[in-house]
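The values are calculated or read from the model by the stated rules, or taken from the named source; none is laboratory data. None of the values given here were measured: they were computed from a predicted structure. Note that we place each Cβ from the backbone using ideal geometry, even for glycine, and neighbour counts take in every protein chain shown. Quick note on the areas: whole protein, heavy atoms, side chains included, nothing else; ligands and nucleic acids left out. Shrake-Rupley method; radii C 1.70, N 1.55, O 1.52, S 1.80 Å.
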Amino acid sequence: QVKLVESGGGLVQAGGDLRLSCVASGHPFNELRMAWFRQIPGRQREFVGTPAAFGAPNVYGDSVRGRFTISQDDARNAMYLQAASLKPEDSAVYFCAARLGGPPLKEPWSYKFWGQGTQVSVSS
C-alpha cells in the first residue's frame with residue numbers, strides 16, 4: 001500500500017514563498033506517477049502540477065504556471081512543490097497524489113493514492 005505524507009504548509013504573506021514536501025513509501029518510488037492538487041472547501045480538487053516523464057517538461061495548472069515549480073528526489077522518495085509569489089487565492093489544502101505509472105494526468109480521479117493534505121494560507 002502506498003503511503004504519502006505531506007509537510008511544509010503554513011501561513012505566509014502575499015508575495016511570499018513556501019516549499020511543500022511529499023514523501024512516499026510502500027512502493028518503488030520510480031514506479032509511481034506523482035502529482036500535486038489543491039482544494040478549497042466546497043470546490044472541486046484542482047490540479048497543480050505533475051513532474052515530467054522521460055525528460056519532458058513538468059506539467060502545471062494554468063493558475064500556478066510560472067510561479068510554482070515541482071521537483072523530485074528519487075533517493076529520498078520525495079516530491080517537492082516550490083510555491084513562489086503566493087497570492088491569497090492560492091490558499092487551500094494541498095494534496096500529494098500518486099498512481100502506478102502511466103502518463104501525467106490532470107484528473108484527480110486518475111490517482112489512487114492520496115496524502116492527508118497540508119494547509120497553505122496566504123494573507124493579503
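Expected output is a single nm value to one decimal: the length gained when fully extending between H27 and W114, i.e. 0.36 nm times separation in residues minus the C-alpha distance. What is it? Write out the running numbers ahead of the final one.
Numbers: separation 87, 0.36 × 87 = 31.32 nm, distance 1.36 nm.
Residue separation times 0.36 nm, minus the Cα-Cα distance, leaves 30.0 nm.
Restricting to Cα pairs below 8 Å that are 6+ residues apart, what does the relative contact order work out to for the chain? Please round to a whole percent.
Details: 292 pairs, mean separation 45.9, N = 124.
It rounds to 37 percent for the chain.
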In Å, the Kirkwood estimate of hydrodynamic radius for the stretch 1-68 over Cα pairs equals 14.0
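Please give the per residue accessible area of the chain, computed with a probe of 1.4 Å over protein heavy atoms only, in Å².
On the way: 6520 Å² over 124 residues.
So the chain comes to 53 Å² accessible per residue, rounded to a whole number.
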Rounded to the nearest 0.05, FRET efficiency between R19 and I40 (Cβ-Cβ, R0 25 Å) equals 0.75
Of the convex hull drawn through the C-alpha atoms of the chain, the volume per residue in Å³ is 95
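Loop sites only, by DSSP: take the trypsin sites (Lys or Arg not before Pro) in the chain that have at most 14 other C-beta atoms within 10 Å and name the longest stretch containing none of them.
On the way: sites that count: R43, R65, K112.
Longest run free of exposed loop sites: 66-111.
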Carbon and sulfur atoms account, in whole percent of the 1.4 Å probe accessible area of the chain, for 50
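Figure the gain on full extension for K3 and S63 (residue separation times 0.36 nm, minus the Cα-Cα span) and round it to one decimal in nm. Don't skip to the answer; put the middle values down first.
Details: separation 60, 0.36 × 60 = 21.60 nm, distance 2.76 nm.
Between K3 and S63, full extension yields an extra 18.8 nm.
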